[in-house]
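In what follows, a single structure is set out as structure tokens and then discussed.
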Amino acid sequence: MHARLIIIGSGPAGYTAAIYSARANLEPLVLAGSQSGGQLMITTDVDNYPGFPEGIQGPDLMEKFRKQAEKFGSKIIDTDVTSVDLSVKPFVVRAGEDLYTSDSLIIATGANARWLGIDSELKLRGKGVSACATCDAFFFKNKDVYVVGGGDTAMEEATFLTKFANHVTIVHRRNKLRASKIMQERAMANPKISFIWNTVVTDVLGKDHVTGLELKNLVDGTTTQVTADGLFMAIGHDPASVLFKGQLQTDEKGYITVKDLTKTSIEGVFAAGDVKDYRYKQAVTAAGAGCEAALDVEKYLNEHPATDAAKIQVTN
């Protein structure tokens, strides 16, 4: 199947790109993934997305994005892309046994928060366990919360949480922080922040919402239980860019490098959202980037005639 534009990914960036490109009559093909919708699918209350003063559930918001993209003519397939070949024109995208070609690509595969990898953490995601303080801090007014991490992100998350929470405790597996000196000093000077060193979270307690944590001291091996209203992961994100490794230019962390906001190192390939954004990681900024990418694609395709897909020889 050939399309003038293929969009890989289906979070706010991918769906917004689909809306704008479909309205430009580009008839985009969206390869949404088997679990479409991005990180908002594991977010319960979203109250900072413009236009929803009463708030909205993350999955409900993504369903509205999807319906709007389909309304304008986007074709959306819930399939996982398994490989891409950006060395040929048209570009080749494979999803299992299915093969697609396109004259342009928008990569909106997002980034994945790093988690502890324990069952109770998974069970309570969106119920007191979060990986985004700026998204969820509002729901922890006057609560006692914990942050896992020791880098700049953890210090930033903890400091932001103090605007709402009663107290924030940072749990770090080492006896010193990796954060920059200024971030360390800022956090340590904040009377609402305290630290637990040489410790990891081994269990998240609670049935329908976080009520406490089990902590293990890595020096003496002892475990303790503490009461907690929330747990925030701040141990980093990994951009979902493995598919493009060795083909597109990325930074040392794997985020796709862009110029002029969306253009990657290969002409005709554009990136939007968290896969290229290591800083903001917000639904609204991802949506804005999806719009930018779609407008850039429209300009690119107007300047480049359609590729005759029949001329390309694709090897299995």
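With θ taken as phi - 60° and the coefficients 6.51, -1.76 and 1.60, list the Karplus ³J(HN,Hα) couplings across the range 220-230 in order, rounded to whole Hz; mark glycine and proline as x.
In residue order, the calculated couplings are 10, x, 6, 10, 9, 10, 10, 7, 7, 9, x Hz.
Set the Förster distance to 41 Å, then compute FRET efficiency between ASP78 and SER265 from the Cβ-Cβ distance, nearest 0.05. The partial results should precede the final answer.
Working: r = 29 Å, r/R0 = 0.71.
The computed FRET efficiency comes out at 0.90.
Relative contact order for the chain using alpha-carbon pairs under 8 Å, separation at least 6, rounded to a whole percent?
Numbers: 719 pairs, mean separation 66.9, N = 316.
In percent, rounded to a whole number, it is 21.
Which translational diffusion coefficient, to the nearest whole µm²/s, is obtained for the range 115-233 from the Stokes-Einstein equation, given a Kirkwood hydrodynamic radius over C-alpha pairs, 4 °C and 1.567 mPa s? Kindly include the intermediate steps, with their values, before the conclusion.
Values: Rh = 14.0 Å.
Stokes-Einstein gives a translational diffusion coefficient of 92 µm²/s.
Under the 0.36 nm per residue contour assumption, what length would be gained going from the current alpha-carbon distance of ARG173 and LYS299 to full extension?
Numbers: separation 126, 0.36 × 126 = 45.36 nm, distance 4.93 nm.
Between ARG173 and LYS299, full extension yields an extra 40.4 nm.
I'd like the orientation of helix 58-71 relative to the chain: the angle between its Cα long axis and the longest Cα principal axis, in ° from 0 to 90, rounded to 10.
Rounded to the nearest ten degrees, it is 10.
Quick one: what does P(r) look like for the range 198-285 with 10 Å bins over all Cα pairs, in whole %?
Final binned percentages: 15, 30, 18, 21, 14, 1.
Hey, could you grab the Kirkwood Rh for the range 1-145? Inverse mean 1/r over distinct alpha carbon pairs, Å, one decimal. Mind dumping the intermediate values first?
On the way: mean 1/r = 0.0602 Å⁻¹.
Result for the range 1-145 stands at 16.6 Å.
For the range 103-143, with equal point scatterers placed on the C-alpha atoms only and solvent neglected, what are the log10 I(q)/I(0) values from the Debye formula at q = 0.24, 0.28 1/Å, to two decimals?
Log10 of I(q)/I(0), two decimals: -0.91, -1.06.
Determine the dipole magnitude for the chain: charges of +1 sit on the beta-carbon of Lys and Arg, -1 on that of Asp and Glu, nothing else is charged, the reference point is the Cα centre, and the result goes in debye to the nearest 20. Provide the component values of the computation, followed by the final result.
Details: 34 positive and 38 negative charges, 117 e Å.
Its charge dipole is roughly 560 debye.
Using Cα atoms only, what is the angle between the long axis of helix 152-161 and the major principal axis of the chain, expressed in degrees (0 to 90) to the nearest 10?
70 degrees
Pairs LYS141/LYS259; LYS64/LYS276; LYS245/LYS281; LYS259/LYS281; LYS163/LYS245: which are spaced more than 30 Å apart, C-alpha to C-alpha? Walk me through the numbers on the way to the answer.
Working: LYS141/LYS259 40 Å; LYS64/LYS276 24 Å; LYS245/LYS281 21 Å; LYS259/LYS281 18 Å; LYS163/LYS245 39 Å.
Beyond 30 Å between Cα atoms: LYS141/LYS259; LYS163/LYS245.
Order the peptides 287-300, 9-22, 266-279 from the highest to the lowest mean number of other Cβ atoms within 10 Å of their residues. Show your work: numbers first, answer last.
Details: 287-300: 21.9, 9-22: 30.0, 266-279: 24.3.
Result, highest mean first: 9-22, 266-279, 287-300.
What is the mean projected area of the alpha carbon convex hull for the chain, to one decimal in square nanometres? Mind showing how you got there, number by number?
Details: hull surface 70.5 nm².
Average of the hull's projected areas for the chain equals 17.6 nm².
Over every pair of different alpha-carbon atoms in the range 60-138, take the mean of 1/r and invert it; report that Kirkwood radius in Å.
On the way: mean 1/r = 0.0615 Å⁻¹.
By the Kirkwood definition, the hydrodynamic radius is 16.2 Å.
Laboratory data are not the source of any read-out in this text; all were calculated from the coordinates shown. Being a predicted model, the structure only gives us computed values, none of them experimental. We place every Cβ from the backbone using ideal geometry, glycine too, and count neighbours over all the protein chains shown.
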